[in-house]
1. For the chain, what is the mean residue ellipticity at 222 nm derived from helices alone (per DSSP H run of n ≥ 4: -39500 (n - 2.57); sum divided by total residues; nearest 500 deg cm²/dmol)?
2. Across the chain, where is the longest run that never hits trypsin sites (Lys or Arg not before Pro) in a DSSP loop with at most 15 other C-beta atoms within 10 Å?
3. Angle check, please: helix 279-289 long axis (alpha carbons) against the longest principal axis of the chain (alpha carbons), in degrees 0 to 90, nearest 10.
4. Amide H neighbours of Asp233 under 5 Å, at least 5 residues apart or on other chains, H built in the peptide plane: list them.
5. If I fit a long axis through the Cα atoms of helix 308-332 and take the longest principal axis of the Cα atoms of the chain, what angle between them do I get, 0 to 90°, rounded to 10?
6. Can you give the longest run of the chain that contains no chymotrypsin sites (Phe, Trp or Tyr not before Pro) sitting in a DSSP loop with at most 15 other Cβ atoms inside 10 Å?
7. Excluding residues fewer than 8 places away in the same chain, name every one of the lysines whose C-alpha is closer than 16 Å to that of Lys381.
8. Once phi is turned into ³J(HN,Hα) by the Karplus curve 6.51 cos²θ - 1.76 cosθ + 1.60 with θ = phi - 60°, what whole-Hz value does each residue of the stretch 24-36 show in order, with x for glycine and proline?
Amino acid sequence: MNSELLPYNPIVLKWAREKSNHTIEDVAKKFNKPASIISQWEEGTSSPTYIQLETLAYKIYKRPLAIFFFTEPPKDTSGKELFRTLPEHEFKQISPKLTYIIRKSQALQENLRELNEGKNPTKIKLIDSFYIDKNDTVEQTAGRFREYIGLTLKEQQSWKDSSQALKCWREIFEDRGIYIFKEAFNDDSFSGFCIYDNTFPIIYINNSKTKTRQIFTLFHELAHILFKTGGIDTRSDDYINYLDDESKRIEVYCNKFAGEFLVPKHDFLVQIMDKGLDEKLFSKLATLYSVSREVILRKLLDMDKIEQNFYLEKSLEWIEEAKKAKINKKKKDTRIPQYTIKKAYLGKKYINLVFNALYQDKISRIDALEYLGIKNKRFLKFEMYYLKDTNV
C-alpha cells in the first residue's frame, strides 16, 4: 500500500459491506461514483478520503470507524448462524437496514445483560418453566400455554382492539422474561425475528406491519424461543420447502402454534357454526380474536372449510387493500412525537431499567444515552416524558 493511501484495512472494508448486505453497486450509488472505484477501495489499490471512510462507517455500514483500521475483521455473529431455519437464499434477501437492526438487537441484548448484572430479574422465566412436549399436539401445547399464563380466551376477546391486545401480550411476555423491541423495518418481506438466549431471549417486531400481524409474529417467535432457536417471520412461507426436515418441522409448528393459540379450534368451530363464510364474518372473527383476516382464512383452509384458490384470491385482494391503506396513511402525514416512538420501540420495561440504574448511580448519564440511543440534547425532554408517563 503506497504512502498516499489511508492506513485502513481493505479486507475489513469489504467484510463490513458484505455483513451489511450491501452490494458494491449500492455503495457506489450512495457516493455517486462508478462501482469500479468502490472495488478499488476494497482491493487497496486506491483509497477513500477520511470523510468518505466516515460516511461508510456511520451512514452506510453502521459500524465504528475504528474497525476499518483493525488488522482483521472482528468476530460478528449477526449473520445466518443466528437463524438456523432460514435458507441461505432467503437470508441474502435481508435488506441492509434489517441487517443493521439485527446487530442492534444483539446490542440491546447485551445492554439487558449489563443493566441486570448478567441475571434476568424475572422470578419465573418462561423459557425455564414452559416447554414444548413432542408428544403433545399443537392444540394441547396452545392449551397448556394459556393455562400457564393464566389468561382465558374470554379475557382475550374482551380487549377493545388490536392495539390493546398487542400491549397486553407484550406485558405478559416481558413479565416472564422475554423482552420485546420494535422498529420500522421498511421491508414488508419480514415481520419480525427473535434472538434466542438462555437468559435474555428477545423478540424484535416490524412496526411497519399492522398490529394484528405484529401479534401473530409475537407468537410465531415465541415458539422459536421455546424450541431454543432464533427465527425470522417472513411474509411468504415458500422458503419452508428448502429447509431440512427438522427446520421445516419447527417452522410449520411455529405457524400452527401462533394460529392455534390466538384462534383456538374448539372456539372457532362454535363461532362459524351455521354461518355463511363471507367477508362480514371474516372481519367479525378477526376483530374478536385480534388477528388479521388472513389468519382467519388460513384457519378455514386448514380445516378444509374453503378451497385453496379462494384462500389465495382473498389473500392477494387484502394485500392490495393494505398497500393502498398504507399509501393513504402516508399522505395524511400524521406525525407521532419522537418520545412516543422511542417508548414504543424500546418498551416501558427496558426504559425503566435504564432510568432506575441511572437514579441509583449504577450508570452515568452518558451510559444512559447509549442505552436509550438518544442524543444528549434530547435527554432532558425524554426524561420529563418518562417521569410524566410513570407518574413519579
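1. -17500 deg cm²/dmol
2. In short, 1-74.
3. 70
4. Residues meeting the criterion, in which the H sits 1.01 Å from N, are Ser191, Gly192, Phe193.
5. 50
6. Counting at most 15 other Cβ atoms within 10 Å as exposed, the longest clean stretch of the chain is 132-392.
7. Straight-distance partners of Lys381: Lys342, Lys343.
8. Each residue's phi maps through the Karplus curve to give 4, 5, 4, 5, 4, 5, 5, 9, 6, 10, x, 4, 4 Hz.
Readers should treat all values here as calculations from the given coordinates under stated rules, not as data from a laboratory. These figures come from a predicted structure and were not determined experimentally. So basically every Cβ, Gly included, is an ideal-geometry build from the backbone, and we count neighbours across all protein chains shown.
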